[in-house]
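Below is one structure, written out as structure tokens; comments come after it.
The values are calculated or read from the model by the stated rules, or taken from the named source; none is laboratory data. Not measured: the values here are computed from a predicted model. All Cβ positions, glycine included, derive from the backbone under ideal geometry; neighbour counts span all protein chains shown.
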Amino acid sequence: MSVTSLISLKIHHDLINQDGADVIQGLNQVPKKLPPKYFYDHRGSELFEQICELPEYYPTRTEALILKKCADEIAQITGVCELVELGSGSSTKTLFLLDAYQKIAKYCQYIPIDVSGGILKSTVLNLKQKYPTFSINGLIATYEQALVKLESTFAYRRMIFFLGSSLGNFEPQDCHAFLKQISRTLQIGDYFLLGIDLQKPKEILEPAYNDSQGVTAAFNLNMLSHLNWRFQGNFDIDLFTHQAIYNQADSQIEMYLHCQQKHWVNLEILDLKVAFEAGESILTEISRKFDLANMQKQLDMQGLKTVKTWTDPQQWFGLILCQRV
């Protein structure tokens, strides 16, 4: 039996047939911009897992600490339900939730969703060994694709969860549209669990995205390698450098790739030729930092009523459990 059949992995074919229109648009605008989803080829996913272990990168360990303390309470509040995780990655923090649901039911359905097929395959295989009585079915898709697919399915009760403050990667208008789509995907009584990185001083934020070991820099630069592979490009990684800065006015980290010398880049599959000037930058990611009370108001506007919130002692990170009303 093949690994793919063993782990019940499904692929959203619109993702596999990605036409790269967002790359064409982003590299033709001023200033240049690329969607953060292109971070996550297999190598990018591996590098992100390394980032999560870095001493400077507080979000993962802080959120994990909160989940460890509150997972049992979450399971008790929601009861047995279908668990759907957006951007699951290695599902490391999710183990706290799966353990909690295992305490209240022998059977549970878990659907991890990620754009990286490589890490999703290995994750689902490992989880099926750890939770043999659970139904675990991975889906390779973007958030938007997955939510559209979920709209057409029915479950007796569902909890969608979105951890790691990945919501911070959305511009405000896209955040509004995303939360609206979450609400539309859920039925009355279903749950949404959201992890958000809270506002804090620049002295804490900037080192988390400019680590001393250079792992975040490698992660950022790997996006160009991914584009080379996916679209037959010729980005020279050595001509770019990484930088992350905290934009205080907009309460967001901004991650850039700075071009070091004038040159041209070709992406053959996209029939795209792009000129770069020395000193020109590509914005590859924003990571917005939130106010807990304001986020609860935004969720409430979408019919997602807060049931309970949890934070760490330093108030660095927050978890919000909502119910569709």
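Mind counting the residues in region 72-93 that are buried (at least 22 other Cβ atoms within 10 Å of the Cβ) and at pLDDT below 95? Step through it out loud before you land on a result.
Applying the first criterion (buried (at least 22 other Cβ atoms within 10 Å of the Cβ)) to region 72-93 yields 74-75, 78, 83-86, 88-89, 91, 93.
Subsequent filtering for residues that are at pLDDT below 95 retains 88-89, 91, 93.
So the answer is 4.
Scanning region 104-118 finds no residues that are crowded, with 21+ Cβ neighbours inside 10 Å, out of contact with any Leu (no Cβ under 8 Å at 6 or more places or on another chain) and at pLDDT 90 or above.
Pick from Val80, Val84: which is in contact (Cβ under 8 Å) with a residue 12 or more places away in the chain, of a type in the set (A, V, I, L, M, F, W, C) and in a loop (DSSP other than H, G, I, E, B)?
Details: Val84 fails: in a loop (DSSP other than H, G, I, E, B).
Unique residue meeting the criteria: Val80.
Restricting Leu321, Leu283 to residues that are touching a Leu at 6+ places or on another chain (Cβ under 7 Å), assigned to a strand (DSSP E or B) and at pLDDT 95 or above narrows the list to Leu321.
If you go through region 288-308 one residue at a time, do you hit one that is modelled with pLDDT of 95 or more, among the hydroxyl-bearing types (Ser, Thr, Tyr) and either in contact with a Pro (Cβ under 7 Å, 6 or more places away or on another chain) or under 20 Å from Pro59 (Cα atoms) (or both)? Steps first, answer last, please.
Step one: list which residues in region 288-308 are modelled with pLDDT of 95 or more, which gives 288-308.
Filter again for among the hydroxyl-bearing types (Ser, Thr, Tyr), leaving 306.
Pick out the ones that are also either in contact with a Pro (Cβ under 7 Å, 6 or more places away or on another chain) or under 20 Å from Pro59 (Cα atoms) (or both) and you get none.
Scanning region 288-308 turns up no residue that is modelled with pLDDT of 95 or more, among the hydroxyl-bearing types (Ser, Thr, Tyr) and either in contact with a Pro (Cβ under 7 Å, 6 or more places away or on another chain) or under 20 Å from Pro59 (Cα atoms) (or both).
Just a yes or no: is a residue in region 256-265 of a type in the set (A, V, I, L, M), touching a strand residue (DSSP E or B) at 6+ places or on another chain (Cβ under 7 Å) and more than 28 Å from Lys68 (Cα to Cα)? The answer is yes; a qualifying residue exists.
Within region 120-148, the residues that satisfy the criterion of being touching a residue at least 60 places away in the same chain (Cβ under 8 Å), buried (at least 18 other Cβ atoms within 10 Å of the Cβ) and either among the polar types (S, T, N, Q) or part of a loop (DSSP other than H, G, I, E, B) (or both) are Ala141, Thr142. All of Tyr101, Tyr110 fail the test of being aromatic (Phe, Trp, Tyr) and within 19 Å of the chain's Cα centre (by Cα), apart from Tyr110.
Within region 272-309, work out how many residues are aromatic (Phe, Trp, Tyr) and touching a Lys or Arg at 6+ places or on another chain (Cβ under 7 Å).
1
Counting only residues that are of a type in the set (A, V, I, L, M, F, W, C), in a helix (DSSP H, G or I), farther than 28 Å from Lys106 by Cα and touching a residue at least 12 places away in the same chain (Cβ under 8 Å), region 149-184 holds 4 of them.
Somewhere in region 91-100, is a residue touching a Pro at 6+ places or on another chain (Cβ under 7 Å), within 19 Å of Leu321 (Cα to Cα) and not hydrophobic (A, V, I, L, M, F, W, C)? Steps first, answer last, please.
To start, the set of residues in region 91-100 that are touching a Pro at 6+ places or on another chain (Cβ under 7 Å) comprises 91.
Still in the list and also within 19 Å of Leu321 (Cα to Cα): 91.
Those left that are additionally not hydrophobic (A, V, I, L, M, F, W, C): 91.
Scanning region 91-100 turns up at least one residue that is touching a Pro at 6+ places or on another chain (Cβ under 7 Å), within 19 Å of Leu321 (Cα to Cα) and not hydrophobic (A, V, I, L, M, F, W, C).
If you filter region 54-66 down to residues that are in contact (Cβ under 8 Å) with a residue 40 or more places away in the chain and within 17 Å of the chain's Cα centre (by Cα), you find that the one that is nearest to Gly214 (Cα to Cα) is Tyr57.
Is it true that Ile253 is in a helix (DSSP H, G or I), within 23 Å of Gln315 (Cβ to Cβ) and out of contact with any Asp or Glu (no Cβ under 6 Å at 6 or more places or on another chain)?
Working: in a helix (DSSP H, G or I): no; within 23 Å of Gln315 (Cβ to Cβ): yes; out of contact with any Asp or Glu (no Cβ under 6 Å at 6 or more places or on another chain): yes.
No, not satisfied.
Listed by first and then second residue, the pairs with beta-carbon distance under 6 Å, at least 6 apart or on different chains, first residue in region 249-277 and within 16 Å of Arg288 (Cβ to Cβ), second at pLDDT 95 or above and of a type in the set (D, E, K, R), are Ser251/Lys289; Gln252/Arg288; Met255/Glu285. Among the candidates Gln187, Gln213, the residue that is part of a loop (DSSP other than H, G, I, E, B) and touching a Leu at 6+ places or on another chain (Cβ under 8 Å) is uniquely Gln213. Here Lys69 meets the list (1) closer than 30 Å to Gly214 by Cα; (2) charged (D, E, K, R); (3) touching a residue at least 24 places away in the same chain (Cβ under 8 Å) almost entirely, failing just condition (1).
Checked against (1) of a type outside the set (A, V, I, L, M, F, W, C); (2) touching a residue at least 40 places away in the same chain (Cβ under 8 Å); (3) under 18 Å from Gln29 (Cβ atoms); (4) out of contact with any strand residue (DSSP E or B) (no Cβ under 6 Å at 6 or more places or on another chain), Thr284 passes all but condition (4).
One line per residue, one yes/no per condition, for (1) at positive phi; (2) among the hydrophobic types (A, V, I, L, M, F, W, C); (3) surrounded by fewer than 17 Cβ atoms within 10 Å (Cβ to Cβ):
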residue	(1), (2), (3)
Asp197	no, no, no
Lys202	no, no, yes
Leu205	no, yes, no
Tyr209	no, no, no
Gly214	yes, no, yes
Ala217	no, yes, no
Leu224	no, yes, no
Phe231	no, yes, no
Ile237	no, yes, yes
